[in-house]
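Report on one structure; see the data block that follows.
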Amino acid sequence: LPSQTAGDCRTAECDGSGGTMSTITNGDVPVDGNACTTDTCISGNPSNPAVAINTPCGTGDYCNATGTCVDCNTASQCGVDTSCRTYTCTSNACGFNNVANGVDLPAGSQTTGDCKVWECNGSGSAIQSQLNSDLPVDGNACTGDICTAGVPSNPNSTINTPCGSGDYCNGSGSCVDCTTS
């Protein structure tokens, strides 16, 4: 028998007259070892077309449009953006940008009145810092709204502190008409 060539989509066979002939064998695919291509024979012609873009390949990688296994095709394949870090995909390579140190997280990430603020640390993470202007307002005219070294409190106002039209604080956090009997 004549010698066979692996992956050429053909089989060499005897022709019955002492010669050889080549017959189409679409099962004799051209294996290229690339996870981002398909090994196929079409009507006896070998082919390695690219698989669909974003097909997983390797460990956490994706196929690009030309049949190459790459880090990414889009930034969302590199990670999930946070308030302190955004991910990038440039020339099929993952990267990221960190928000500057001290930039506050959005209002929805903050707790009002806790004497603290969440902010970026410049390395892609969030940290909580003291913010003594984030007062714990309780709406009571007979208590104070204060932050002390990042700790919120509402201490009672002193007795006889005015709290309304002719009313005074009783020293226990209540507004009353009079504080003496």
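The values are calculated or read from the model by the stated rules, or taken from the named source; none is laboratory data. What you are looking at is a predicted structure, and each value in this text was computed from that prediction instead of being measured. For neighbour counting, all protein chains shown are included, and Cβ atoms are generated from backbone atoms with ideal geometry for every residue, glycine included. With ligands, DNA and RNA removed, areas are computed over all heavy atoms of the protein, side chains included. Shrake-Rupley method; radii C 1.70, N 1.55, O 1.52, S 1.80 Å.
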(request) Averaging sequence separations of C-alpha pairs under 8 Å and six or more residues apart, then dividing by the length of the stretch 79-152, give the relative contact order as a whole percent. (result) 24
(request) Quick one: compute the contact order of the chain, relative version, from alpha carbon pairs under 8 angstrom and 6+ residues apart, as a percent. (result) 9
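How big is the shadow of the Cα convex hull of the stretch 66-151, averaged over all directions, in nm²?
Mean projected area for the stretch 66-151: 6.7 nm², to one decimal.
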(request) Go through the stretch 53-65 residue by residue and turn each phi into a ³J(HN,Hα) via Karplus (6.51, -1.76, 1.60, θ = phi - 60°); whole Hz please, and just put x for glycine and proline. (result) 4, 6, 5, x, 8, x, 9, x, 10, 9, 7, 9, 5
(request) Report, by chain and number, residues whose modeled amide H sits under 5 Å from the one on Thr5, excluding near sequence neighbours (fewer than 5 apart, same chain). (result) Ala12
(request) For the stretch 1-57 and the stretch 160-176, write down the distance between their C-alpha centroids in whole Å. (result) 94
(request) Note down the net charge around Glu119, summing +1 for each Lys or Arg and -1 for each Asp or Glu among other residues with Cβ under 14 Å from its Cβ. (result) -1
(request) Report, by chain and number, residues whose modeled amide H sits under 5 Å from the one on Cys57, excluding near sequence neighbours (fewer than 5 apart, same chain). (result) Tyr62, Cys63
(message) With semi-axes √(5λ) of the Cα gyration tensor in Å as the read-out, I listed [x] 81, 14, 9; [y] 26, 18, 16; [z] 30, 23, 16; which label goes with the value calculated from this structure?
(response) [x]
(request) List, in order, the whole-Hz ³J(HN,Hα) value for each residue of the stretch 87-97 obtained from phi through the Karplus relation with A = 6.51, B = -1.76, C = 1.60 and θ = phi - 60°; use x for Gly and Pro. (result) 9, 10, 9, 10, 6, 6, 10, 6, x, 7, 10
(message) I'd like the accessible area for Ser17: 1.4 Å probe, protein heavy atoms, all chains in place, Å² to the nearest 10.
(response) 110
(message) Going 7 Å from the Cα of Ala35 along its beta-carbon direction, which residues of the stretch 67-88 have the amide nitrogen within less than 11 Å of the resulting point?
(response) 69-71
(message) In whole Hz and in residue order, list the ³J(HN,Hα) couplings for the stretch 70-83 that follow from phi through the Karplus curve 6.51 cos²θ - 1.76 cosθ + 1.60, θ = phi - 60°; x for Gly and Pro.
(response) 10, 4, 7, 10, 9, 4, 5, 7, 9, x, 9, 4, 10, 5
